[in-house]
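This is the structure I have questions about; it appears just below.
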Amino acid sequence: MSVASQAKGQNQEILRVEKLNKSFGTNHVLKDATLTLRKGELKVLIGPSGGGKSTLLQCMNFLIPPDSGRIWLDGVEILGHKKRELYAYRQQVGMIFQDFNLFDHLSALGNVRIALTRVRGMSRKDATDRAMAELDRVGLAAKAGLYPAQLSGGQKQRVSIARALAMDPKVLLLDEPTSALDPELIGEVLAVVKDLATAGMTMIMATHQITFSAQLASEFVFMEQGAIIEHDSPAALLAPGACTRTKAFCAKINELTGEPV
Amino acid sequence: MNFEKALRAIIDSLPYMLGGVWVTVGLIVGALALGFVLGVPLAVIQVYGRTLARRLVVLYVWLFRGVPILVLIFLFYFGILPHLGLDSAFLAGVIVLGLTSAAYQSQIFRGAIQSLPAGQLKAARALGMTDTQAISCIVLPQALRLSIPGWSNEFSILLKDSALVMVISVQEIMARTRSVAGRTHEPVAMALFAGVLFFILTWIGLRLLRGLERRVRIKGYSQEGSV
Ligand SMILES: Nc1ncnc2c1ncn2[C@@H]1O[C@H](COP(=O)(O)OP(=O)(O)OP(=O)(O)O)[C@@H](O)[C@H]1O
Ligand SMILES: [Mg+2]
């Protein structure tokens, strides 16, 4: 591959959302949200609680149907009302939830395997092999037989990442993957996210882990009251002397957690 | 009461009464199965269905919970089923008890479905599952487990309600009890005997369901519930 085409590959649009809007009753919680995820990049969504981060992420895979707006995956527009297209689209867009949402009646292995057999139509054996490989990748091959209630929070979140990865998604949407975890468990999940970023997974992650994400993110996207207020590289937004909402917000968070900006 | 005469009545009628036990078992198994097969989709529709379908389910549940089983038995046995070419009293009993049980069972399942965290369905959808797949692979396996205690209740109530079909001469336990009592003039002894038979059936059924509940319990959850 030539350098030029490689560069083009790096810039390739994977997911693009344009002017997404969502209201709950009279509460307009998502206002013209527009963003593009390029191949291999990690965008980080930050902003105050209630700012609309979760709503944006769930609108991106139609778990919450947006009231208006358009979404493209690999240049193909996805129409949320066409069921078949929607199901195919969701297989390609992995989602990680704040509270894991593992299937409680299935073992770690069963959680990773079920969509492979039921959605992908893989044989049980192939699906088991694939699921074990994904559990191994997040360091949990030895826990495959345990049920969600037998796993720690950090292990649950890693299983849920394995479950998403097993579907070979083109993009991962992560909604505060570490917010429900005790401080000592956050590291093991962030390590997996870091590995994924290094491996070139395209991701958008809502998080309050400012210091961690500043090192990995290609862009910070700051959301407040349903609107994207600022978006730029962390370096630019947090530069000394920069006078941005993002910087003020990060300073406030880090004041609370004791981390320097 | 002549104790010996009473005992004789019971012993002499034993094979006949045990035949009634099998009829009762047939009624209850048929009715519970019919109630289950109808109750699960009714519950799913009531939770996930479109407005019109939901309203129809609610209407159905109101109807079968509101009208006495005896009324339904007469209605079906003399009114509806003959038009369909069905004149078996046993079948009428199974159908009426089953349709009634479906109404009650649907509400047991609905409660269980609605008690699941919304995130379960979201996670299933996020993996690309269709609604049918999400409901059958994720929602129902969990909801049905949670339904077992409530379902045990429904079983024990329906078992005793099944005696009502004696009014259309289905030869279950109570119908036979009445005829033996009439013949031997030992109504009290025979009533006690019938009571014991129902008690034993209830006990066996509840034991089986308790065993089932234990066998399908999700690992890591204690009997006291989740953490
Ligand atoms: N299902 C819903 N029904 C009604 N209002 C909702 C619903 N979900 C979210 N909201 C509202 O939408 C707004 C945005 O919520 P959202 O969860 O997207 O914020 P967030 O940025 O993810 O916050 P947090 O950092 O606390 O997770 C809030 O005002 C919230 O109350
Ligand atoms: Mg949120």
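Name the residue that is farthest from B:Ala9 (Cα to Cα), counting only residues in the stretch B:152-195 that are in a loop (DSSP other than H, G, I, E, B) and of a type in the set (Asp, Glu).
Only one residue tops the list, namely B:Glu172.
While we're looking at this one, here's another question. Among the residues of the stretch A:212-244, what is the count of those that are open to solvent by 30 Å² or more (accessible area, probe 1.4 Å) and part of a helix (DSSP H, G or I)?
Counting residues in the stretch A:212-244 that are open to solvent by 30 Å² or more (accessible area, probe 1.4 Å) and part of a helix (DSSP H, G or I) gives 6.
Right, A:Lys53: within 16 Å of ligand 1 (Cβ to nearest atom), surrounded by 19 or more Cβ atoms within 10 Å (Cβ to Cβ) and either free of Cβ contacts under 8 Å to residues at least 40 places away in the same chain or not aromatic (Phe, Trp, Tyr) (or both) or not? Show your work before the answer.
Working: within 16 Å of ligand 1 (Cβ to nearest atom): yes; surrounded by 19 or more Cβ atoms within 10 Å (Cβ to Cβ): yes; either free of Cβ contacts under 8 Å to residues at least 40 places away in the same chain or not aromatic (Phe, Trp, Tyr) (or both): yes.
Here the answer is yes, as A:Lys53 does meet what is asked.
Looking at (1) under 20 Å from A:Pro177 (Cα atoms); (2) open to solvent by 30 Å² or more (accessible area, probe 1.4 Å); (3) out of contact with any Cys (no Cβ under 9 Å at 6 or more places or on another chain); (4) more than 16 Å from ligand 2 (Cβ to nearest atom), find the lone condition where A:Leu196 falls short.
Condition not satisfied by A:Leu196: (2).
In the stretch B:89-131, what residues are hydroxyl-bearing (Ser, Thr, Tyr), more than 10 Å from chain A (Cβ to nearest Cβ) and free of Cβ contacts under 8 Å to residues at least 40 places away in the same chain?
Matches in the stretch B:89-131: B:Ser115 only.
Give the residues of the stretch A:18-31 that are part of a strand (DSSP E or B), within 15 Å of ligand 1 (Cβ to nearest atom) and surrounded by fewer than 22 Cβ atoms within 10 Å (Cβ to Cβ), sorted by residue number.
Within the stretch A:18-31, the subset part of a strand (DSSP E or B) is A:18-24, A:27-31.
This time we only want the ones that are within 15 Å of ligand 1 (Cβ to nearest atom), so: A:20-24, A:27-31.
Within the stretch A:18-31, A:Asn21, A:Ser23, A:Phe24, A:Asn27, A:His28, A:Val29, A:Lys31 qualify.
Name the single residue that is farthest from the chain's Cα centre (by Cα) among those in the stretch B:121-134 being in a helix (DSSP H, G or I) and surrounded by fewer than 20 Cβ atoms within 10 Å (Cβ to Cβ).
Going through the qualifying residues, I end up with B:Lys122.
On the basis of being within 30 Å of A:Leu146 (Cβ to Cβ) and in contact (Cβ under 8 Å) with a residue 60 or more places away in the chain, does B:Glu154 make the cut?
no
Follow-up question, since we're still on this one. Any chance you could count how many residues in the stretch A:164-188 are open to solvent by 10 Å² or more (accessible area, probe 1.4 Å) and part of a helix (DSSP H, G or I)?
6
Taking helices (runs of 4 or more DSSP H) that fall entirely within the stretch A:37-121, which contain at least 2 residues that are within 16 Å of ligand 2 (Cβ to nearest atom) and within 14 Å of another protein chain (Cβ to nearest Cβ)?
Details: elements: A:53-60, A:83-92, A:108-118.
The qualifying helices (runs of 4 or more DSSP H) are A:53-60.
B:Arg215 - would you say it is within 14 Å of chain A (Cβ to nearest Cβ) and either among the basic types (Lys, Arg) or surrounded by fewer than 18 Cβ atoms within 10 Å (Cβ to Cβ) (or both)?
yes
Can you name the residue in the stretch A:124-161 that is open to solvent by less than 10 Å² (accessible area, probe 1.4 Å) and within 12 Å of chain B (Cβ to nearest Cβ) and, of all such residues, is farthest from the chain's Cα centre (by Cα)?
A:Pro148
The values are calculated or read from the model by the stated rules, or taken from the named source; none is laboratory data. Quick caveat, the model's predicted, so the values are computed rather than measured. So basically every Cβ, Gly included, is an ideal-geometry build from the backbone, and we count neighbours across all protein chains shown. Just the protein is used for accessible areas: all its heavy atoms, side chains included, with ligands, DNA and RNA removed. Shrake-Rupley method; radii C 1.70, N 1.55, O 1.52, S 1.80 Å.
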